[in-house]
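This report refers to the structure that appears directly beneath it.
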Amino acid sequence: MTSGLAILTIGFFLGMRHATDPDHVIAVSTIVSRERSIAKAGFIGILWGCGHTLTIVAVGAAIILFGLAIPARAGLTMEFSVGLMLILLGVLNLSGAMQWISEKFSPAHPRVNGEHAHLHEHGSRVHFHWHSHAPAAEHHADSLAAPSSLRGPFERLGLFHSLRPLLVGIVHGLAGSAAVALLVLSTIKDPKWAVLYLLIFGIGTIAGMMLITAAIALPFSFAGSRFAWLNRGFVIGSGLVSLSFGLFVCYQIGFAAGLFTSHPHWTPS
């Protein structure tokens with residue numbers, strides 16, 4: 001029992017270390033590059049970790065419990081998808097499309113005429129106020145408190161901001177699930193303990209990514225809008241790094257590892 005708990009503890013810290021892999025950090029950097037709230041950035045890291053853990057546990061458990069064998073081309077395809085995702089995140093950041101999509105899928109002004117409740121933000125706080133588009137009476141009236149679902153540190157995270165890190169984490173989990181499962185199989189023979197290890201590993205990854213994303217947002221949170229140029233530079237820089245690293249990954253998987261050839265060779269890593 002003691003040795004089992006020791007292995008699980010090691011799994012937690014290995015999960016935290018796994019969160020620091022370059023492709024993971026580059027991907028989340030593009031996501032939190034515009035975020036100045038430490039709480040929101042940490043929550044984005046948690047969502048990424050949940051998506052990553054979901055696929056690590058699902059695919060890893062299938063390998064451990066049912067002896068699922070992943071063909072070389074399928075494994076390479078999963079890793080190639082990480083490169084494509086990094087390219088997409090980089091292009092979205094550099095083109096400004098990421099900001100447009102964020103605004104599109106954040107709580108927005110309803111397309112109505114006449115008097116209505118308008119969601120608005122002042123001083124990083126969300127509230128409603130009455131708003132009218134009547135030609136002779138366009139105005140803002142008294143504000144109302146935002147609903148409880150939009151209060152707290154994660155207000156205005158929105159559907160897009162929630163799904164984006166979750167889906168990115170799922171893709172990363174698919175690419176790394178086979179390697180983690182095979183490593184567990186070589187050290188833990190009991191399937192139940194092996195699956196539990198995967199879960200603890202995933203929880204460690206969640207904790208590690210939460211700390212990473214919060215740390216990325218920390219300097220911009222304290223600087224506020226005084227160093228807007230630095231924030232813009234980080235947005236551009238993270239986009240360039242993501243695009244470059246994504247192209248490198250795609251080349252390595254597609255040609256060096258042979259995904260696009262008749263003899264692919266894949267070693268889970």
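The values are calculated or read from the model by the stated rules, or taken from the named source; none is laboratory data. These numbers were taken from a predicted model, which means no experiment stands behind them. Here Cβ is always computed from backbone atoms with ideal geometry, including for glycine, and neighbour counts include all displayed protein chains. When the accessible area is computed, the model is the full protein with side chains, heavy atoms only, and any ligands, DNA or RNA have been set aside. Shrake-Rupley method; radii C 1.70, N 1.55, O 1.52, S 1.80 Å.
If you go through the stretch 46-62, how many residues are open to solvent by 10 Å² or more (accessible area, probe 1.4 Å) and either free of Cβ contacts under 8 Å to residues at least 24 places away in the same chain or not hydroxyl-bearing (Ser, Thr, Tyr) (or both)?
Qualifying residue count for the region: 9.
For the stretch 249-269, which positions are surrounded by fewer than 14 Cβ atoms within 10 Å (Cβ to Cβ) and part of a helix (DSSP H, G or I)? Steps first, answer last, please.
If we filter the stretch 249-269 for residues that are surrounded by fewer than 14 Cβ atoms within 10 Å (Cβ to Cβ), which is where we start, we get 251, 255-256, 260-263, 265, 267, 269.
Once the filter is applied, which keeps residues that are surrounded by fewer than 14 Cβ atoms within 10 Å (Cβ to Cβ) and part of a helix (DSSP H, G or I), the stretch 249-269 yields Tyr251, Phe255, Ala256.
Scan the stretch 186-202 and give yes if some residue there is among the polar types (S, T, N, Q), open to solvent by 40 Å² or more (accessible area, probe 1.4 Å) and either modelled with pLDDT under 70 or farther than 30 Å from Ser3 by Cα (or both), otherwise no. Don't jump to the end; show me each part of the working.
Restricting attention to the stretch 186-202, the residues satisfying the condition of being among the polar types (S, T, N, Q) are 186-187.
From what is left, the residues that are open to solvent by 40 Å² or more (accessible area, probe 1.4 Å) are 186-187.
From what's left, either modelled with pLDDT under 70 or farther than 30 Å from Ser3 by Cα (or both): none.
No - not one qualifying residue is present in the stretch 186-202.
Using beta carbons and a limit of 8 Å, which pairs, at least six apart or on different chains, have the first residue in the stretch 181-195 and within 12 Å of Leu8 (Cα to Cα) and the second one of a type in the set (A, V, I, L, M, F, W, C) and loosely packed, with under 14 Cβ neighbours inside 10 Å?
Val195/Leu65
Would you be able to say whether some residue in the stretch 236-244 is surrounded by fewer than 15 Cβ atoms within 10 Å (Cβ to Cβ) and outside any helix (DSSP H, G or I)?
The answer is no, given that none of the residues of the stretch 236-244 is surrounded by fewer than 15 Cβ atoms within 10 Å (Cβ to Cβ) and outside any helix (DSSP H, G or I).
If I filter the stretch 14-25 down to residues being closer than 16 Å to Leu47 by Cα, assigned to a helix (DSSP H, G or I) and hydrophobic (A, V, I, L, M, F, W, C), which single residue comes out as nearest to the chain's Cα centre (by Cα)?
Going through the qualifying residues, I end up with Val25.
Could you tell me which numbered condition Gly83 fails, if it satisfies all but one of (1) at pLDDT below 95; (2) surrounded by fewer than 23 Cβ atoms within 10 Å (Cβ to Cβ)?
It is condition (1) that Gly83 fails.
Identify the single condition in (1) buried (at least 21 other Cβ atoms within 10 Å of the Cβ); (2) assigned to a loop (DSSP other than H, G, I, E, B); (3) not aromatic (Phe, Trp, Tyr) that Val28 does not satisfy, given that it satisfies every other one.
(2)
Looking at the stretch 1-13, which of its residues are modelled with pLDDT under 95, open to solvent by 30 Å² or more (accessible area, probe 1.4 Å) and either within 14 Å of the chain's Cα centre (by Cα) or not polar (S, T, N, Q) (or both)?
Met1, Leu5, Ala6, Ile7, Ile10
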